[in-house]
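Asks: Structure below; questions to follow.
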Amino acid sequence: MKVAKYSELSVGQSAEVTHKVTEEDIKIFGDLSGDYNPLHFDEEWAKTTMFKGRIAHGLLTAAFISTAIGMKLPGPGTIYLGQSMKFLGPVRIGDTITARVEIVELNDENERVTLKTTCTNQSGKVVLDGNAMIKVMDL
């Protein structure tokens, strides 16, 4: 596994990961987080909400951004410093989510990187939009 180096990065570089959300993903995320909100687990209850059915946890969707950062760009050796995000649409079981990260700023003084972060579903609709601040640990 190649460890990222700050000196190898440039504005405009991007990477993506894609994941199809499953029932098991929601169960595991609920077990890990302790978030058993009926919006994620009770179809009959969720049908009474604005979403008209169950949706995945927002932070499960955000976790795919972490995967793109930690495994693709910059990749191993990256420290996540912060994330701002807006949830723009629901993610449902069976949706295929593509998490994309793109370098938009390099701060050479402290070797911090700003990334534009987005998640889109299989229809191309943006369901999460934000920015991340990371640091590459040059080893």
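Asks: Among Ser14, Ser33, Ser7, which is the only one that is at pLDDT below 95 and of a type in the set (S, T, N, Q)? Quick ask: steps written out before the conclusion?
Replies: Values: Ser14 fails: at pLDDT below 95; Ser33 fails: at pLDDT below 95.
It is Ser7.
Asks: A further question on this structure: Filter region 60-77 for residues that are under 15 Å from Lys20 (Cα atoms), of a type in the set (A, V, I, L, M, F, W, C) and out of contact with any Asp or Glu (no Cβ under 7 Å at 6 or more places or on another chain) and give the result.
Replies: Pass one, region 60-77, residues under 15 Å from Lys20 (Cα atoms): 60-65, 67-68.
Next cut, of a type in the set (A, V, I, L, M, F, W, C) only: 60, 62-65, 68.
If the condition is that a residue be under 15 Å from Lys20 (Cα atoms), of a type in the set (A, V, I, L, M, F, W, C) and out of contact with any Asp or Glu (no Cβ under 7 Å at 6 or more places or on another chain), then Ala62, Ala63, Phe64, Ile65 are the ones that fit.
Asks: Something else about it: So is Leu39 assigned to a helix (DSSP H, G or I), touching a Phe, Trp or Tyr at 6+ places or on another chain (Cβ under 6 Å), at pLDDT 95 or above and crowded, with 17+ Cβ neighbours inside 10 Å or not? Before the answer, list the steps.
Replies: Numbers: assigned to a helix (DSSP H, G or I): yes; touching a Phe, Trp or Tyr at 6+ places or on another chain (Cβ under 6 Å): no; at pLDDT 95 or above: yes; crowded, with 17+ Cβ neighbours inside 10 Å: yes.
For Leu39, the condition - assigned to a helix (DSSP H, G or I), touching a Phe, Trp or Tyr at 6+ places or on another chain (Cβ under 6 Å), at pLDDT 95 or above and crowded, with 17+ Cβ neighbours inside 10 Å - is not met.
Asks: Residues to consider are Ala46, Ala63; find the one that is in contact with a Phe, Trp or Tyr (Cβ under 9 Å, 6 or more places away or on another chain), among the small types (Gly, Ala, Ser) and surrounded by 13 or more Cβ atoms within 10 Å (Cβ to Cβ).
Replies: Matching residue, one of Ala46, Ala63: Ala63.
Asks: Taking the options Thr117, Thr61, Thr96, name whichever one is in contact (Cβ under 8 Å) with a residue 40 or more places away in the chain, touching a helix residue (DSSP H, G or I) at 6+ places or on another chain (Cβ under 8 Å) and either within 30 Å of Lys2 (Cα to Cα) or basic (Lys, Arg) (or both).
Replies: Matching residue, one of Thr117, Thr61, Thr96: Thr117.
Asks: Continuing with the same structure: Using the structure shown, decide if Val21 is hydrophobic (A, V, I, L, M, F, W, C) and surrounded by 14 or more Cβ atoms within 10 Å (Cβ to Cβ).
Replies: In short, yes.
Matching residues to (1) more than 19 Å from Val101 (Cβ to Cβ); (2) not in a loop (DSSP other than H, G, I, E, B):
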site: Ser7; (1), (2): no, yes
site: His19; (1), (2): no, yes
site: Lys27; (1), (2): yes, yes
site: Leu32; (1), (2): yes, yes
site: Glu44; (1), (2): yes, yes
site: Phe51; (1), (2): yes, no
site: Leu59; (1), (2): no, yes
site: Ala63; (1), (2): no, yes
site: Ser66; (1), (2): no, yes
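Asks: Hey, Asp35 hits all of (1) more than 21 Å from Ile65 (Cβ to Cβ); (2) acidic (Asp, Glu); (3) free of Cβ contacts under 8 Å to residues at least 60 places away in the same chain but one; which does it fall short on?
Replies: Every condition holds for Asp35 apart from (1).
The values are calculated or read from the model by the stated rules, or taken from the named source; none is laboratory data. Given the structure is predicted, the values throughout are model-derived calculations rather than measurements. Cβ atoms come from the backbone with ideal geometry, glycine included; neighbour counts cover every protein chain shown.
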